[in-house]
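Peer 1: Below you'll find the structure I mean.
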Amino acid sequence: MTVLMRLLGRCYSAAQPARPARVAAAFALAVAACGVSDDLDRADALARQHRWTEAVDAYEAVLARYPHSYAAAWGIARIYCVETHHYDKCLRWTDVLLDAYPDDVRYRRARAAGLRDRAAARRRAGDRAGAAADEAQAAALAP
């Protein structure tokens with residue numbers, strides 16, 4: 001049974017008479033879910049093809065239309081943390097994700113990767129104390 005059918009089935013249940021406003025709301029929700037799914041599929045396909053800039057643009061387009069799409073935010077974070085190692089952008093995006101889902105292992109590991117990348121950059125720049133602090137935070141997130 002599709003999501004739309006389940007949503008509409010709730011609106012047309014025998015226990016409760018159908019209400020046009022509920023049907024319209026369920027239909028709008030189902031259409032929006034399909035839209036975000038198609039847009040995410042496109043962004044994911046670009047990421048699988050290692051077209052990082054285009055994938056980030058596609059994920060950002062999803063976020064422009066659906067600001068609460070954590071799947072799109074995760075797509076961007078994954079690119080910056082795991083694929084391209086832009087630790088500054090990685091840490092910004094994982095902040096957003098961990099604020100909402102502090103126990104999600106994927107987000108914690110991605111942030112730890114960003115912290116380790118920043119630690120390496122700090123070490124190269126001679127900032128041993130900053131590097132040690134980042135390594136300690138990374139170890140606490142994802143041992």
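Peer 1: Please note which helices (runs of 4 or more DSSP H) are completely contained in the range 39-143 and include at least 2 residues that are of a type in the set (D, E), under 13 Å from the mean Cα position of the chain (by Cα) and surrounded by fewer than 16 Cβ atoms within 10 Å (Cβ to Cβ). Give the derivation first.
Peer 2: On the way: elements: 52-65, 70-78, 87-100, 105-124, 128-141.
Of the helices (runs of 4 or more DSSP H) lying wholly inside the range 39-143, those with at least 2 residues that are of a type in the set (D, E), under 13 Å from the mean Cα position of the chain (by Cα) and surrounded by fewer than 16 Cβ atoms within 10 Å (Cβ to Cβ) span 87-100.
Peer 1: Residue under question is A142, and the condition is that it be farther than 20 Å from Y59 by Cα, out of contact with any His (no Cβ under 9 Å at 6 or more places or on another chain) and at pLDDT below 95; does it hold? Steps first, answer last, please.
Peer 2: Values: farther than 20 Å from Y59 by Cα: yes; out of contact with any His (no Cβ under 9 Å at 6 or more places or on another chain): yes; at pLDDT below 95: yes.
It is true that A142 is farther than 20 Å from Y59 by Cα, out of contact with any His (no Cβ under 9 Å at 6 or more places or on another chain) and at pLDDT below 95.
Peer 1: Check D99, D104 and return the single one that is in contact with a Leu (Cβ under 8 Å, 6 or more places away or on another chain) and free of Cβ contacts under 8 Å to residues at least 12 places away in the same chain.
Peer 2: D104
The values are calculated or read from the model by the stated rules, or taken from the named source; none is laboratory data. Since this is a predicted model, take the numbers as computed values, not measurements. Heads up, the Cβs are rebuilt from the backbone with ideal geometry, glycines too, and the neighbour counts pull from every protein chain shown.
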